[in-house]
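The values are calculated or read from the model by the stated rules, or taken from the named source; none is laboratory data. Since the structure is predicted, the reported quantities are computational estimates derived from the model, not experimental observations. Glycine gets a Cβ as well: all are built from the backbone with ideal geometry, and neighbour counts include every protein chain shown. With ligands, DNA and RNA removed, areas are computed over all heavy atoms of the protein, side chains included. Shrake-Rupley method; radii C 1.70, N 1.55, O 1.52, S 1.80 Å.
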Amino acid sequence: MDLTPYVDNLRHELAVAADAGGDDARALAERLTAPLESAARLTLLNALSAAMGEVTRELAPGSVDVRLRGLDPEFVVTPPPAPEPFRETREPVTAPAAPTPPPSTDADDGTMARINFRLPAHLKARAENAAAAEGLSVNAWLVRAVSTALDGGERGSRPGRGKDSGGRGFTGWVR
């Protein structure tokens, strides 16, 4: 942004005001215009910075910055990140790190859907600890937890417990 027209306008207005005061005032105004130019540029730059601060607050998480190139400011606009479009993806085939729950009886064609999941920090930490204790990623642990909740607890019982544990645990009464 070129500030020169604004500084020139200020110089012109000062000269017009000085003309009303006579020759001495006009001579004084001419001597003051050169030192006032840098003060006027700095004042305009401060006003622009304050305005861009207000714009940035309204644009958050985007921003507008004012940078000085030579004598003139330049505006740098950083738009807010665009929301990621919904895409269905297939989960890559990898060797399981831990026993996986049996497949659901629901029709499952293997497609995956992405969601944003906001969780309080204390619950996130507990979910991370629970996933690590079972040798699962947090994502795999959450998928299993949601599946168990929706299936009424009939799939994915805790490893090492119950009849599907591969003989690693026992249930029942002992005399």
Item to complete: First check a/c for region 1-63, with a ≥ b ≥ c the square roots of the eigenvalues of its C-alpha gyration tensor; if it is under 1.5, answer rounded, and if not, answer prolate when a/b is larger than b/c or oblate otherwise.
Response: prolate
Item to complete: Step through the residues of region 20-29 one at a time and calculate ³J(HN,Hα) from phi using the Karplus curve (6.51 cos²θ - 1.76 cosθ + 1.60, θ = phi - 60°), rounding each to whole Hz and writing x for Gly and Pro.
Response: 5, x, x, 5, 5, 5, 5, 5, 5, 4
Practice prompt. Compute the label zone of Arg118 within region 124-142: residues whose backbone N is under 16 Å from the point 7 Å along Cα-to-Cβ.
Written response: 124
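If I compute solvent accessible area with a 1.4 Å probe over the protein chains, what percent of it on region 1-80 is carbon and sulfur?
Details: 3280 of 5510 Å².
The C+S portion of the solvent-accessible surface of region 1-80 is 60 percent.
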Worksheet item: Counting alpha carbon pairs within less than 8 Å and at least 6 residues apart, what relative contact order, in whole percent, applies to region 1-87?
Response: 25 percent
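Sorted by mean Cβ packing within 10 Å, highest first, what order do the peptides 48-58, 141-151 take? Don't skip to the end; give the middle numbers.
Details: 48-58: 12.9, 141-151: 14.5.
Highest mean packing first, the order is 141-151, 48-58.
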